[in-house]
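The structure appears right after this line, and notes come after that.
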């Protein structure tokens, strides 16, 4: 009986600290180049105001769900102490010379219930929304007045994660047989028919690299050790395509918007203006690109257009 109570006491201490940590609202610490955000996938295929309103409602619903979970956050702690109380009864009976396991078993059952509930509450914790979520609302809000009447945006916003297994574009292997995964995450795709007759397409892509974990023999001990995976950075890419309305505009190159030019955080790597279409690709080594940079780039791309004399 003493062994059972001693083991239960150790388990009690471990479970107590777990539940205490769960009872607090946690914000995960950021890691280098990465941070956990609430995963979101949004299909953009509606009136701009309806899309923006839907995005706002989604944030409110997530906050309501988390607030409801907070009200129950201390329940596992209460169940835990109830289990301790039951085990205390067996301790009293033991001190009186009686051997009993009934209340100890009941206490362990309550601990198991507390652990399950705590795990469920922890899973219900939501992370904060990515800055891109708010940034896309700003882009949609800015561009909505430029849309052709009675038309809508088409595309998607994918904030489910830039380094999912489904987003591995390719894998490379070095001379030491270490495998590096190359991820391609098209987190924004947007198409719009504009008021002036132009058709705008925007694609924002993040390309990331991660070296997978591998086994390596130690030079000192000669033992095999597992080396953890390593995040190797990311780069941002922006593709803009404008099918120009030939009745209203002509494309006139300029020195400000040209291949190799820097526009905000982006550098133009490719530019093609043949066939009445502006097709431009820009790159950036910054880990994150704000919506203001994307809007500024679109504004600069329009500097290639010159209105025709009517």
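Points worth noting:
- Lone qualifier among 233, 222 - being surrounded by fewer than 16 Cβ atoms within 10 Å (Cβ to Cβ) and free of Cβ contacts under 8 Å to residues at least 24 places away in the same chain: 222
- In segment 115-145, residue surrounded by the most Cβ atoms within 10 Å (Cβ to Cβ) [restricted to those that are over 23 Å from residue 205 (Cβ atoms) and modelled with pLDDT of 85 or more]: 144
- Matching residues in segment 164-188 - criterion: being surrounded by 18 or more Cβ atoms within 10 Å (Cβ to Cβ) and either outside the structural domain of residue 148 (by TED's automatic domain parsing) or not in a helix (DSSP H, G or I) (or both): 181, 183, 185, 187, 188
- In segment 147-159, the qualifying residues are those that are loosely packed, with under 14 Cβ neighbours inside 10 Å and in contact (Cβ under 8 Å) with a residue 24 or more places away in the chain, and the one that is farthest from residue 56 (Cα to Cα) is 149.
- Any hit, segment 266-280, residues being touching a helix residue (DSSP H, G or I) at 6+ places or on another chain (Cβ under 6 Å), surrounded by 13 or more Cβ atoms within 10 Å (Cβ to Cβ), in contact (Cβ under 8 Å) with a residue 12 or more places away in the chain and farther than 29 Å from residue 150 by Cβ: yes
- Count - residues of segment 193-236 that are in a strand (DSSP E or B) and within 22 Å of the chain's Cα centre (by Cα): 17
- Hits in segment 60-113 (condition: modelled with pLDDT under 70, closer than 30 Å to residue 37 by Cβ and part of a helix (DSSP H, G or I)): 65, 66, 67, 68, 69, 70, 71, 75, 76
- In segment 249-310, counting only strands (runs of 3 or more DSSP E) that sit wholly within it, the ones holding 1 or more residues that are in the same structural domain as residue 136 (by TED's automatic domain parsing) and under 27 Å from the mean Cα position of the chain (by Cα) span 266-272, 277-284.
- For residue 271: the one exception among (1) at pLDDT below 95; (2) within 26 Å of residue 185 (Cβ to Cβ): (1)
The values are calculated or read from the model by the stated rules, or taken from the named source; none is laboratory data. Computed from a predicted structure; not experimentally measured. Quick reminder, even Gly has a Cβ in these numbers, built from the backbone with ideal geometry, and neighbours come from all protein chains shown.
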